[in-house]
Each structure stands twice: as structure tokens, then as C-alpha cells.
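Participant: Here it is, the structure, as C-alpha cells.
The values are calculated or read from the model by the stated rules, or taken from the named source; none is laboratory data. The shown structure was predicted, so the numbers you read here are calculated from the model rather than taken from an experiment. FYI the Cβ positions are ideal-geometry reconstructions off the backbone, even for glycines, and counts take in every protein chain you see.
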Amino acid sequence: MKIIDYGMLLFGGIILFYMLFVIVSYCAMFIIAMLDLRKSYRLDPSEYDDAHIDAFYSKPVSLLVPAYNEEVGVVDTVYSLLNLRYPQTEIIIINDGSTDQTLQTVIEHFQMKPISKIVRTNIPTKQIKQIYESEIYKNCILVDKENGGKADALNVGINVSQYPYFCSIDGDSILDEKSLLRVMKPIILSDGEVIAAGGNIRIANGAKMQYGSIYETQLPTNYLVIMQVIEYLRAFLMGRIALSKFNLVLIISGAFSVFSKKWAVEAGGYSTNIIGEDMELVVTIHRLIKEKKEKKRIEFVPDPVCWTEAPQTLGVLRNQRRRWHQGLFESLWKHKKMTLNPRYGKIGFISFPYFWLVECLGPIVELGGYIYIVIAFFLGKIYYEIALILLLLFVIYGVIFSIAAILFESWSMNTYPKKRELLRMILLAFTEIFWYRPLTLFWRCEGLIRFLLRKSDWGNMKRVGIAEKEKSQ
Amino acid sequence: MIKLSISFLITIIAILLVVLFIFMVYLLVQRQRESHFENARDRYIQNYSQLWYDYLFNKEHFSMVLVPRGRAQVEAIELIFSSYLKNIINEKVQCDIKQFSNQYLKKFYEKDLLSKRWSIRMNALYRIADLQIDELLIMCQEFEKTKISEEEYFQLLKIYSIFQSNLFMEKIKMPIVSYSESEYRRLFVLLEDDVFIRFFDDFNSWPANIQFAVIDTAPVKRNMQYIDQLKKLLSHDVAEINIRALKGLYEMGVIDEIESYIPFVTSDMWEARLMVAKVFKHVPLTYSYSYLEQLLQDENWWVRSQAAKTIVEDRYGIAKLQQFIESSNDQYAIEMAQEIAARKEENK
């Protein structure tokens, strides 16, 4: 009995200490993000946009759209890229051996004709079958290649691209018309000191869209999707803005990010043998920067928005979260020698420990917290009290932070302008710790187990289309 | 102690929830106010945009109803002016807008410049430059003496470049803050030619990003006087300056002789060889072919590709490439020539 008591106290102590550490870290990041967004509150962004719409002030960008079985969303994605307000771009759609009608859909929709083109092999990839060029939009290219995965498709895109910067966009995502202009801002204004930048990802389920443009945002009706909306807002406010301020970002979403081609090629392109290829490229570039002792930065830009489709069912969400976490673990493990290594400066001393403790191992401890509460319920005695403290910390961590993120986002960006939507999100945030949080923790732990068992799958998400009713024909 | 912690945490949670609740109420009230503001702004645009059009374009008399009463109407006028200034080049319209802004909008921006909020001050500086409110120049100089950010100082430089170029040149010589090339270009592009050309007089005294921005801005100004200035830079010691000067000359599109460019055909820098291949687009193939043939067999893919593209642009380009394909032994060059020739045929 004594051993159980000690065990429970130690177990509870670790979880309490961890929760306090996470809450303090999140508070600090939230305050940094608040101060940052407060500065530019009500600043007229059109001044910068209008000045930089001229090619004279910007740099050309190749837009890479890897597509594997994306027949539902790829046409709208390409339309959203054609709608971009940016002076010089080329669109490269890479069909990664799709088994559905992706290739035919793109060929027919954009009147693609086969062309002969020599491709420089900067990064070794699977074989290209044929390259097509649109007869309507001359800057639009389709590459049909053997299936090799998303990373391989992106590497083909890099090889085919002709511009010094490339932007990767998922085949199911929609960009705001000014998003590229804004994500390129730190690159342009830093004279190339910023070598990669990522934009903000928002959930598009429920939005009204036509020909690749979102013309009305609406909160989806599905509770699972609303919880993901809240989760994205929180991740953006309590993480990326603050980390980016100190050049500590290890993840910029592959759904919408810009990279300097020179640095990406030097990093060997996207890794084909790892699940989280986007994180892997960012970490490898950070490593290169430090090893070459260059003064370069990777930034997250809160303003430019990329709309993406979120999973609507538990099964698909489970698969996604499992994969994300497995990818995170793989990448951290691959570069484990960077952890606490003075050679890698702040990345080694702050980013890596933070990602290991909070992002990677956090789910185990948190899930442990939930288990502790359940055990304490049966054991009674003093455990009730520890369990209650733990529960209250979960409330701060899960409910208070979520509500704060919702309100702050509403103040600074106002994505969902209706009062009813705001209240719905706040009410749902109160329920997070009881169902959504434990579920995602469980799936993330599954991801860890899969990493340990070295399991891997491509798990392409089943798409239903961002805005079914308005689907472009 | 644990009991204390529980009550402490409950208190914290309660306080945080109350704060968030107050913030939410504030947000809802704020939204209501914003909605009123937007309605007032849109009403002004709806009621008076035709009057504005008649005044600015049909030379009708100015009506006092157009004078703004309150912030919402100022924002409406900003929107109307901005749409004209961005889309129409008309000196009379610009002059009328300037006159009106100096007379009726000045006081609003004067107040904004004193705001504690950075974004409000920035917006005021944007408007002073866009609407050319030169009567605020002295106020801007006073504003410069306060503790301002790099972004604000940049906007001040922009204002000086529009209203008082001598003051601008004086300020830019003092390297208080260093900006990116792209930002310097934004400043230089607004300068009159007689001011801008002064950057070439003492070219080597400027920091690198100003030098690069000057070279890049020159061709945009479309003035022949910069051709000689850029050609002088072809013999500069810094390779990057040579390459940019080549790019500038290519963009100018006037090549009066090729001797100055020939040394770059064998440059150690592939970027210089690439640029010279581009420059030869503006030279008849009879003069440039021998050099382009050499560049077509270059070790660098981009140089080969550009040389082939330049050749194919000429009326006899495809024939020349065919001839090259038949006579050359360089497999890489042949493949490049074949691809470019085939694409040209496809696009015919």
C-alpha cells in the first residue's frame, strides 16, 4: 500500500510539475503574440500590398501543388493560385501517380498539352512520365510522375521550377488572393536573410467558395471541425508567433510555405523516408544555417491565410493526428544530436527541448493526468485533492487558453464575424477537456507507438471538398 | 497546502473567466461600434462619390457637403481618393486631391501623428505621402525628433523624397537605419531624374544595398542618360555590381555596341555569362552568334538555356539552332537547342 502511495504521489507530482511548466510556457508565448499583434492592430495593410504588387519590388515564385488522388479539390486549388495577386508566378501541379481522375481532370480543365522539356535533376526523384503545359494559362504546368509520395512530388516540382523561391501548397488548399504577397514580405524586406516563411492555416469547412476564392467564411456545423478550428487558433497564438519572433520555428505547415530553392536543394530537398517532410526540411535547413554559420532566418507570418479542409470524421482525424505525431517524433529523433548542443544555439537549447517536452512527450504526460484522475476516483483519500488540482490545471490549459485564443483572434483578425459563431466557439471550448482533448492525446500517443514500431503509411486523407455546393465545374 | 492550492486555482480560474467575459463584452460592443462606423462610411461613399467624380473630372463646383465630418467620412474620402490615385494618372485630379487634403484632412493626420498607437501614426504617414499633404512637412520633421520606429523613419524618408528631395539626400547620407534593397527601390523610384542621377556621382561611397537598389531602379526610370552610367559600372571591381549593371542594361533594351559586353562571355561567374546571353537579345544575331554559340556550350545549365532562348528569338534563330544541332558534338548543348527549338515551333 505504501508503494502505491509513493507511486501515486510521484506520478501526480510529475504531472503537476509538467502542467505548470506547459501553462507558464503557453502564457509567455501568448503574451508575446498579443504584443506582436497589438502593434499592427488597425494598420492599413493595403499600403504594402499595393507597393509590392509590382514585379520590381518582389521576387518570382514557383507554386508547387503535389496531388495524389485530389480530383475533388485540385481544380479549385489551381484557380485560387491563378487568382493570386502576385506579379510573377508559375504553377506546377505534380500528379504523383494518382489512381483516380486527378490527371484527366487537370488536363481537361486547363487544356494541358504535352511538351518536351529538359529537367535539371537537382534532387534525385522518381521518374517523370510527361510534362504538360496549359494552353489557357501559359504559366501553368502539369507534371505526371510515378508514385513516390508527397515529398518526392515536391522534389520533382523543385527540379522543374525555374524561379529562386518555391511555395508548396496542398492539393486541397485555397490561398487568399494576397497571401503570397504577404508571406513573401519578410523574404523581400530582409534582402534574403529570411530563407523560408510559412503562413497561417485556417479551416475552410463550411466556407462559401467559387472558382478558388472564399467569399464568405462560416463556422462549420460539425462539432469535431469546430474543435479543430479552435485548436488551430490556439496553436497559432500560443506557439508559432512567439517562436518565430526568436527564430525558433521548427514547423511551418507544408500546406502553405515558401522556401528559398537554393537552401532547399542544399538541404537535399524534402525527405522521402520520413512522414513529416515539411518539418524535416525546416529542421534540416536550421541545421545547415548553424553549420554554415550564416545569419538566416525562418519565419511564421500570421497574416497570410491558407484555407484547408479539416477531417470531418473521427477515423480520418485519428489517422491525421497519428501521422503528424509520428512525423514529429521521427524528425526530432533524426536530429536528436541537436538537442542541448551548443553548436546549434537557441534551436538546440530552446526549440528542441520545447518540442521534445511539450509537443512530443506532452501527450504521454497529459494522458497520464487523465488516467491519474480516473484512478484517484477509485482510490479516494488524498488523491481526490491532487486529482482536483490536476483537473483545474486542465481547465486553465484547455478551456481558458482556448477561450482567450478565440477572443483574441476575433479582436485582431475577426475571421468569424457573427456573434453567434463566436459564442458557439466559446461554449464548445468549455467541453474540450472532456472529449476532444483526451481523444487527440490518445491518437498522438498512438503515433508515438507507431514510431517505435516503425510503422508507416501514406494515409492520404479522404476529401469531400471544401465547399461542396459551390464546387467549380 | 493542497487545499490552499485548490482554492488558489479556483480563484485564478474565476478571475480569468471574469476577465475573458469582460473582454468578450468589450469585443461585442466594439463590433457594434465598428458596424456603425462602416455604415457611416459606406453611406458617405454612396451619397457623395458621384459628386466627387463630377468635381474632379467634370470640373463642377466644389460643394461643402463633401467636407468630412468625423472619422468615418475621412475614411470614405481616403477610399475614394485612393481608387482614383491608383488607377488614373491625371495631374489636375492629383492637384485637386492634394489641395483638398491639405485644406480639410490635414488636421486629422496631425492629430494621428501624436497618437500613442504605432499603427495609427503609420497610417497617418501613409496618407501624408499618398495624398501629398505637404503642409505637414514641418510637423513631420518635428515628428522625426521624437522616438520613432524604423518603419516610421522609412515613411518619413518617402515623404521627404516627394516634398523635398534635398532634405531626402541629406537624410539618406546619414546611415541611421539600413533598409532592404526593395525598400530603397521604393524610395528611389519616386525621385526626379536630376536628383536620382546624383547617386551615380559618388557611387562607391554608398553602402552595398543602396548601390544595388540604384542600379536596379535606373532601368525602370526609362531614361537614356542612365545607359552610360550603367556601362561605367561594367568595369567595377565588384562582380555583383557588374552582373546587376548587365541586367539593368538588358532591361533598358538599348545596346549600341557589343565590345563592352564581350569580356563577360568568358566570365568566371555563371550569372554574368547568363546576363550577357540575355543582353544579346537586343543585338542582331549576325554580331552575337559566335558568342552565343560559345554560351550554348557553357558548363552551366541556365547559361545554355538562356543562350538557346536568345538565339531562337531571332528571325533566323531556329535555322541557326538546327545548324548547330547538326554540327556540334556537345550532347548537353544539342539537347538544349533541340528543346528550345521544339518549344518555339510549338508556340508558333
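Participant: Give me the helices (runs of 4 or more DSSP H) completely within the range A:1-87, filtered to those with at least 3 residues that are within 14 Å of another protein chain (Cβ to nearest Cβ), ordered by residue number. Let's see the steps before the verdict.
Facilitator: Details: elements: A:2-39, A:46-52, A:74-82.
Here the list reads A:2-39, A:46-52.
Participant: Please go through (1) of a type in the set (D, E, K, R); (2) in contact (Cβ under 8 Å) with a residue 40 or more places away in the chain; (3) away from chain A (no Cβ under 14 Å) for B:GLU78 and return the number of the only condition it doesn't satisfy.
Facilitator: (3)
Participant: Looking at this structure, is B:LEU27 within 14 Å of chain A (Cβ to nearest Cβ), within 20 Å of A:ILE426 (Cα to Cα), surrounded by 11 or more Cβ atoms within 10 Å (Cβ to Cβ) and at pLDDT below 95?
Facilitator: On the way: within 14 Å of chain A (Cβ to nearest Cβ): yes; within 20 Å of A:ILE426 (Cα to Cα): yes; surrounded by 11 or more Cβ atoms within 10 Å (Cβ to Cβ): yes; at pLDDT below 95: yes.
The answer is yes for B:LEU27.
Participant: Restricting attention to the range B:182-209, which residues are more than 14 Å from chain A (Cβ to nearest Cβ), assigned to a helix (DSSP H, G or I) and not small (Gly, Ala, Ser)?
Facilitator: Kept after step one, since they are more than 14 Å from chain A (Cβ to nearest Cβ), are these residues of the range B:182-209: B:191-206.
Right, trim to assigned to a helix (DSSP H, G or I) and you get B:193-196, B:198-201, B:203-205.
Of everything in the range B:182-209, those that are more than 14 Å from chain A (Cβ to nearest Cβ), assigned to a helix (DSSP H, G or I) and not small (Gly, Ala, Ser) turn out to be B:ASP193, B:ASP194, B:VAL195, B:PHE196, B:ARG198, B:PHE199, B:PHE200, B:ASP201, B:PHE203, B:ASN204.
Participant: Shifting gears a bit: Please verify whether A:ASP172 is more than 26 Å from A:GLU47 (Cβ to Cβ), more than 14 Å from chain B (Cβ to nearest Cβ) and buried (at least 19 other Cβ atoms within 10 Å of the Cβ), treating the condition exactly as stated. Quick ask: steps written out before the conclusion?
Facilitator: On the way: more than 26 Å from A:GLU47 (Cβ to Cβ): yes; more than 14 Å from chain B (Cβ to nearest Cβ): yes; buried (at least 19 other Cβ atoms within 10 Å of the Cβ): yes.
Against the criterion (more than 26 Å from A:GLU47 (Cβ to Cβ), more than 14 Å from chain B (Cβ to nearest Cβ) and buried (at least 19 other Cβ atoms within 10 Å of the Cβ)), A:ASP172 qualifies.
Participant: Condition (residue is modelled with pLDDT under 95, at the interface with chain A (Cβ under 9 Å from one of its Cβ atoms), over 30 Å from A:LYS419 (Cβ atoms) and surrounded by 13 or more Cβ atoms within 10 Å (Cβ to Cβ)) applied to the range B:8-19: is it met by at least one residue?
Facilitator: Yes, some residue in the range B:8-19 is modelled with pLDDT under 95, at the interface with chain A (Cβ under 9 Å from one of its Cβ atoms), over 30 Å from A:LYS419 (Cβ atoms) and surrounded by 13 or more Cβ atoms within 10 Å (Cβ to Cβ).
Participant: Working carefully through the options B:ALA337, B:ALA341, B:ALA307, find the one that is surrounded by 21 or more Cβ atoms within 10 Å (Cβ to Cβ), in contact with a helix residue (DSSP H, G or I) (Cβ under 6 Å, 6 or more places away or on another chain), among the hydrophobic types (A, V, I, L, M, F, W, C) and under 28 Å from B:ILE227 (Cα atoms).
Facilitator: On the way: B:ALA337 fails: under 28 Å from B:ILE227 (Cα atoms); B:ALA341 fails: under 28 Å from B:ILE227 (Cα atoms).
Selected residue: B:ALA307, the only one of B:ALA337, B:ALA341, B:ALA307 that is surrounded by 21 or more Cβ atoms within 10 Å (Cβ to Cβ), in contact with a helix residue (DSSP H, G or I) (Cβ under 6 Å, 6 or more places away or on another chain), among the hydrophobic types (A, V, I, L, M, F, W, C) and under 28 Å from B:ILE227 (Cα atoms).
Participant: Quick one: how many residues across the range A:248-276 are closer than 26 Å to A:LYS178 by Cα, in contact with a helix residue (DSSP H, G or I) (Cβ under 7 Å, 6 or more places away or on another chain) and either among the acidic types (Asp, Glu) or assigned to a loop (DSSP other than H, G, I, E, B) (or both)?
Facilitator: 7
Participant: What number of residues in the range B:210-224 are loosely packed, with under 13 Cβ neighbours inside 10 Å and away from chain A (no Cβ under 14 Å)? Spell out how you get there, then give the answer.
Facilitator: In the first step, residues of the range B:210-224 are kept if they are loosely packed, with under 13 Cβ neighbours inside 10 Å; the result is B:222, B:224.
Filter once more, so that each one left must be away from chain A (no Cβ under 14 Å): B:224.
The number of residues fulfilling the criteria is 1.
Participant: Given (1) buried (at least 18 other Cβ atoms within 10 Å of the Cβ); (2) among the hydroxyl-bearing types (Ser, Thr, Tyr); (3) within 14 Å of chain B (Cβ to nearest Cβ), where does A:THR102 come up short, assuming only one miss?
Facilitator: (3)
Participant: Ok, one more. Restricting attention to the range B:286-314, which residues are more than 15 Å from B:ILE258 (Cβ to Cβ) and of a type in the set (Ser, Thr, Tyr)?
Facilitator: Correct list: B:SER305 only.
Participant: Moving on. Given the range A:144-214, what strands (runs of 3 or more DSSP E) lie entirely inside it while holding 3 or more residues that are closer than 23 Å to B:GLU181 by Cβ? Steps first, please.
Facilitator: Numbers: elements: A:165-169, A:194-203, A:208-210.
Filter on the range A:144-214 gives A:165-169, A:194-203.
Participant: Counting only residues that are out of contact with any strand residue (DSSP E or B) (no Cβ under 6 Å at 6 or more places or on another chain) and farther than 28 Å from A:GLY192 by Cβ, how many does the range A:139-175 have?
Facilitator: Qualifying residue count, the range A:139-175: 4.
Participant: From A:GLY380, A:GLY398, A:GLY368, grab the single residue that is closer than 18 Å to A:VAL22 by Cα, out of contact with any strand residue (DSSP E or B) (no Cβ under 6 Å at 6 or more places or on another chain), more than 14 Å from chain B (Cβ to nearest Cβ) and at pLDDT below 95.
Facilitator: After ruling out the rest, the residue left standing is A:GLY368.
Participant: Another question, if that's okay. Out of A:LEU427, A:LEU393, A:LEU361, which single residue is of a type outside the set (D, E, K, R), more than 23 Å from the chain's Cα centre (by Cα) and surrounded by fewer than 19 Cβ atoms within 10 Å (Cβ to Cβ)? Steps first, answer last, please.
Facilitator: Values: A:LEU393 fails: surrounded by fewer than 19 Cβ atoms within 10 Å (Cβ to Cβ); A:LEU361 fails: more than 23 Å from the chain's Cα centre (by Cα).
Step by step, each of A:LEU427, A:LEU393, A:LEU361 is checked, and only A:LEU427 is of a type outside the set (D, E, K, R), more than 23 Å from the chain's Cα centre (by Cα) and surrounded by fewer than 19 Cβ atoms within 10 Å (Cβ to Cβ).
Participant: Condition first: part of a loop (DSSP other than H, G, I, E, B) and not aliphatic (A, V, I, L, M). Now tell me which residues in the range A:298-324 satisfy that. Show your work before the answer.
Facilitator: Residues of the range A:298-324 that are part of a loop (DSSP other than H, G, I, E, B), as a first pass: A:309-313.
Scanning the range A:298-324 gives A:GLU309, A:PRO311, A:GLN312, A:THR313.
Participant: In the range A:56-81, what residues are of a type outside the set (Val, Ile, Thr) and touching a Leu at 6+ places or on another chain (Cβ under 7 Å)? Step through it out loud before you land on a result.
Facilitator: Going through the range A:56-81, the residues of a type outside the set (Val, Ile, Thr) turn out to be A:56-60, A:62-64, A:66-71, A:73, A:76, A:79-81.
Hits for the range A:56-81 are A:LEU63, A:LEU64, A:PRO66, A:SER80, A:LEU81.
Participant: Can you tell me which residue within the range A:221-247, out of those that are assigned to a loop (DSSP other than H, G, I, E, B) and touching a residue at least 40 places away in the same chain (Cβ under 8 Å), is surrounded by the fewest Cβ atoms within 10 Å (Cβ to Cβ)?
Facilitator: Going residue by residue through the range A:221-247, those that are assigned to a loop (DSSP other than H, G, I, E, B) are A:221-222, A:246-247.
If we keep only those that are touching a residue at least 40 places away in the same chain (Cβ under 8 Å) as well, we get A:222, A:246-247.
Numbers: A:ASN222: 15, A:PHE246: 13, A:ASN247: 18.
It comes out as A:PHE246.
Participant: Would the range B:72-90 turn up any residue that is outside any helix (DSSP H, G or I) and among the aliphatic types (A, V, I, L, M)?
Facilitator: Pass one, the range B:72-90, residues outside any helix (DSSP H, G or I): B:88-90.
When the remaining residues are screened for being among the aliphatic types (A, V, I, L, M), the result is B:88-89.
There is at least one residue in the range B:72-90 that is outside any helix (DSSP H, G or I) and among the aliphatic types (A, V, I, L, M).
Participant: What number of residues within the range B:114-142 are buried (at least 20 other Cβ atoms within 10 Å of the Cβ), in a helix (DSSP H, G or I) and away from chain A (no Cβ under 14 Å)?
Facilitator: Here the count works out to 2.
Participant: Hey, another quick one. Return only the number of the condition from (1) within 12 Å of chain B (Cβ to nearest Cβ); (2) in a helix (DSSP H, G or I) that A:PRO417 does not satisfy.
Facilitator: So A:PRO417 meets the others, but not (2).
Participant: Quick test of your reading of the structure: B:ASP201 fulfils all but one of (1) in contact (Cβ under 8 Å) with a residue 24 or more places away in the chain; (2) surrounded by fewer than 16 Cβ atoms within 10 Å (Cβ to Cβ). Name the failing condition by number.
Facilitator: That leaves (1) as the condition not met.
Participant: A further question follows. Counting only residues that are under 19 Å from A:GLN101 (Cβ atoms) and within 14 Å of chain B (Cβ to nearest Cβ), how many does the range A:115-140 have? Lay out the reasoning, then the answer.
Facilitator: So the first thing to find is which residues in the range A:115-140 are under 19 Å from A:GLN101 (Cβ atoms), and the list is A:129-130, A:132, A:134, A:140.
Narrowing further to those that are within 14 Å of chain B (Cβ to nearest Cβ): A:132, A:134.
Number of matching residues: 2.
Participant: Moving on to the next point. Take the conditions touching a strand residue (DSSP E or B) at 6+ places or on another chain (Cβ under 6 Å) and buried (at least 20 other Cβ atoms within 10 Å of the Cβ) and apply them to A:ARG202. Does it pass?
Facilitator: Yes.
Participant: Take the range B:291-343 and flag every residue that is within 19 Å of B:TYR250 (Cα to Cα) and among the polar types (S, T, N, Q).
Facilitator: B:SER305, B:GLN306, B:THR310
Participant: Helices (runs of 4 or more DSSP H) wholly in the range B:265-348 with at least 3 residues that are within 31 Å of the chain's Cα centre (by Cα) - which ones?
Facilitator: Numbers: elements: B:270-279, B:285-296, B:301-313, B:317-327, B:331-347.
Answer list for the range B:265-348: B:270-279, B:301-313.
Participant: Also, quick follow-up: Could you list, in sequence order, the residues of the range B:133-159 that are within 24 Å of B:ASN90 (Cβ to Cβ) and touching a Cys at 6+ places or on another chain (Cβ under 9 Å)?
Facilitator: B:ILE159
Participant: Kindly provide the set of residues from the range A:322-338 that are touching a Gly at 6+ places or on another chain (Cβ under 6 Å) and free of Cβ contacts under 8 Å to residues at least 40 places away in the same chain, ordered by number.
Facilitator: Hits for the range A:322-338: nothing passes.
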